[in-house]
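First the structure, in the form of structure tokens, and then the observations on it.
The values are calculated or read from the model by the stated rules, or taken from the named source; none is laboratory data. Source: prediction; values computed, not measured. Ideal geometry is used to build each Cβ from the backbone, glycine not excepted, and the neighbour counts take in all protein chains shown. Please note that ligands, DNA and RNA were not included when accessible areas were found on the heavy atoms of the full protein model with its side chains. Shrake-Rupley method; radii C 1.70, N 1.55, O 1.52, S 1.80 Å.
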Amino acid sequence: MALRNIVMENDPLLRKTSRPVDEITPRIIKLLDDMAETMYYDNRGVGLAAPQVGVLRRVFVVDVGDDHGLLEFINPEIIETEGEQEYCEGCLSVPGKTAKVVRPAKVKIKALNRDGEEFVLEATDLLAVCICHENDHLNGILFTDKAVNGEIFYAQEED
Ligand code: GNR
Ligand code: NI
């Protein structure tokens with residue numbers, strides 16, 4: 001495993017649409033492993049999408065610290081949403097900034113796991129927020145684009 005560099009906000013890569021994975025090769029498995037390691041390295045990471053490490057493929061990982069543990073999504077599709085919730089979001093590619101974003105309260109998502117098996121997951125709370133945030137990355141969308149009232153908050157950076 002290896003840490004990957006995280007692409008920052010001003011990089012045009014973050015604005016591109018990622019392509020589906022057509023075959024789950026050892027390269028994709030290594031990408032998933034490296035993304036999990038990179039997400040956990042910065043304690044604050046609860047998710048990471050492949051374009052954030054410069055790979056324009058429809059892949060993301062999430063671990064919000066609930067019973068689900070580490071979740072890996074390949075070629076995800078949000079197939080149902082319900083309700084609304086507002087959450088103050090951050091992003092590893094947009095350090096020092098937060099914004100309130102309105103997301104669905106509940107999402108149903110379909111994806112492939114690393115064995116190429118399709119699964120469907122229903123998520124609520126922070127897991128639903130995080131899934132939507134990561135899925136947006138695959139479409140070149142950042143949370144700041146969706147800030148409630150366009151308001152961005154500048155946090156203190158701790159290093
Ligand atoms: O680490 C992250 N924290 C976070 C907090 C609230 C809502 C979404 C997130 S995702 C973010 C990691 C990241 O940038 N994923 O793309
Ligand atoms: Ni992000």
Inset, instruction - Tell me, yes or no, whether the stretch 111-126 has at least one residue that is of a type outside the set (D, E, K, R), within 17 Å of the chain's Cα centre (by Cα) and open to solvent by less than 10 Å² (accessible area, probe 1.4 Å). - result: yes
Inset, instruction - Take the stretch 48-65 and flag every residue that is open to solvent by 10 Å² or more (accessible area, probe 1.4 Å) and either more than 20 Å from G140 (Cβ to Cβ) or not in a loop (DSSP other than H, G, I, E, B) (or both). - result: V53, R57, D63, V64, G65
Inset, instruction - Take R27 and decide whether it is touching a strand residue (DSSP E or B) at 6+ places or on another chain (Cβ under 8 Å), open to solvent by 20 Å² or more (accessible area, probe 1.4 Å) and either closer than 30 Å to G150 by Cα or not aromatic (F, W, Y) (or both). - result: no
Inset, instruction - Find the residue count for the stretch 75-107, including only residues that are within 15 Å of ligand 1 (Cβ to nearest atom) and assigned to a strand (DSSP E or B). - result: 14
Legend entry - Residue identified as closer than 18 Å to R15 by Cα and either under 13 Å from the mean Cα position of the chain (by Cα) or open to solvent by less than 50 Å² (accessible area, probe 1.4 Å) (or both) among T98, T144: T144
